[in-house]
1. Among 248, 241, which is outside any loop (DSSP other than H, G, I, E, B), over 16 Å from the mean Cα position of the chain (by Cα) and over 30 Å from residue 375 (Cβ atoms)?
2. Looking at this structure, is residue 149 at pLDDT 90 or above and not hydrophobic (A, V, I, L, M, F, W, C)?
3. Given the structure, is residue 272 part of a helix (DSSP H, G or I) and under 20 Å from the mean Cα position of the chain (by Cα)?
4. Among the residues of segment 305-318, is any in a loop (DSSP other than H, G, I, E, B), surrounded by 14 or more Cβ atoms within 10 Å (Cβ to Cβ) and not aromatic (Phe, Trp, Tyr)?
5. Which residues, taken from segment 142-159, are part of a loop (DSSP other than H, G, I, E, B) and surrounded by fewer than 17 Cβ atoms within 10 Å (Cβ to Cβ)?
6. Can you tell me how many residues in segment 180-232 are in a strand (DSSP E or B) and not hydrophobic (A, V, I, L, M, F, W, C)?
7. For segment 160-179, which residues satisfy the criterion of being more than 23 Å from residue 65 (Cβ to Cβ), in a helix (DSSP H, G or I) and touching a helix residue (DSSP H, G or I) at 6+ places or on another chain (Cβ under 8 Å)?
8. Could you identify the single residue in 349, 343, 375, 365 that is over 45 Å from the mean Cα position of the chain (by Cα), in the same structural domain as residue 285 (by TED's automatic domain parsing) and at pLDDT 85 or above?
Amino acid sequence: MNSRSNVELHHEGEETVKPFHLFKLPYLANLLVIESMDIDARFHLPFASKKTDRFLKKARKPTVRAAIKLKNDEILLEFIKDDACLVIKNDKESVEEYKADYKPHYYPYCSTVVKLAASHFKYARDVCWFEELEIKICDEKVGTEQLGEFLDHPSFQHWTCMIIERVDLEAEQLSLILDRANSNRSLMVMESRVPLDFKHPNAFKFKENGYDDARWVSLDDLLNIKNVENVSLGTTTFIDNDIKVFVNHLVKSDEDLFEWIMISYKSLLPVDQLLEGLVMLEYPVPNGALHFTLAKPNSSNRKRTLLEFNSIPDVITISTLLPTEDHPENKKYNNAAKILELLEEKVRLKEKLVKNYSNKNRQELAIVTNKLKELNVIIENGKARVEQWD
């Protein structure tokens, strides 16, 4: 790219085209040319001249997802679904080279890589809107001091997702991240060990919470989860009885706790025994069955009262659904709440008949039984299942 008013655009593998004078174009045409550039080309414009920098700020910005990858000696700013990538190194020799080619105020030498990254990120925000901003710590451990400096820096306060992968963080480092939990952010800790004695009140305060190594998670931690979108727990120390206690808590809760949770645990019992004592509906699926039941809140605050249990060996996934939710691709949900209400009514009527037989209750029981048949419900050995969903 030429300095001042000439801009040369070409892609790798293509022949270099003759530069043209961008500012000889009309104002609107100038903006259209800039808006047609990919992100990588736009990043060069501030270095051409102050005038191109001003045009860049006036042009419509593309909306992108971005990821900042932290390392000890560099910070990478990547743009997802685009080839653009800024590699930011706290290398004085490289900085001096940039100063010679461009303008000093664009690449000032900074005392830390975080401050240098912040200066780059500032003009990156002039180039595009960030729909989502991910922070990644992958394969290489980052120093506690650098991580704290990064998380505290005003330029990096609007991240939406933190991904930690193949890095064993210290308790202090994970605490720095959890201190910044809120319901608009996600945290995924994958293939990374967490100290077994780790505790933090914000461990499940993100919108999405994922821990591959969850051996440190206690039953009390599970019982305190609420107002989140989802939770995913890999290796845990939970056994069947822990899951029973958690399910009982979930059924009785007066508020919505989550949309779904996946827990790996040491399983010895089939899922229907974990749900013993609850009115259940079974729906066969390949290699297993889905089980449904209804929550029993004492408050109208809870909305997601249809519970679905999907179990495979040593893993259970529990979803909470709206009873009236329309699922065009999953018709099994459409009548599940209605069927469960009929099953509960049948149980109540049977209990009434045992205590005090009456023709009225017998007739009501017959009506409920016929409705269940119309909904393709089969009851065998006290278990209700649906063979075909309308």
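1. Result of the check over 248, 241: 241.
2. yes
3. Spelling it out, it is not the case that residue 272 is part of a helix (DSSP H, G or I) and under 20 Å from the mean Cα position of the chain (by Cα).
4. Scanning segment 305-318, I find at least one residue that is in a loop (DSSP other than H, G, I, E, B), surrounded by 14 or more Cβ atoms within 10 Å (Cβ to Cβ) and not aromatic (Phe, Trp, Tyr), so the answer is yes.
5. 143, 153, 157, 158 - these are the residues of segment 142-159 that are part of a loop (DSSP other than H, G, I, E, B) and surrounded by fewer than 17 Cβ atoms within 10 Å (Cβ to Cβ).
6. Residues in segment 180-232 being in a strand (DSSP E or B) and not hydrophobic (A, V, I, L, M, F, W, C): 9 in total.
7. Selection gives 172, 173, 176.
8. That would be 365, the only listed residue that is over 45 Å from the mean Cα position of the chain (by Cα), in the same structural domain as residue 285 (by TED's automatic domain parsing) and at pLDDT 85 or above.
The values are calculated or read from the model by the stated rules, or taken from the named source; none is laboratory data. This one's a predicted model, so the numbers in the text were calculated from it and none came from an experiment. Note that each Cβ is placed from the backbone with ideal geometry, even for glycine, and that neighbours are counted across all protein chains shown.
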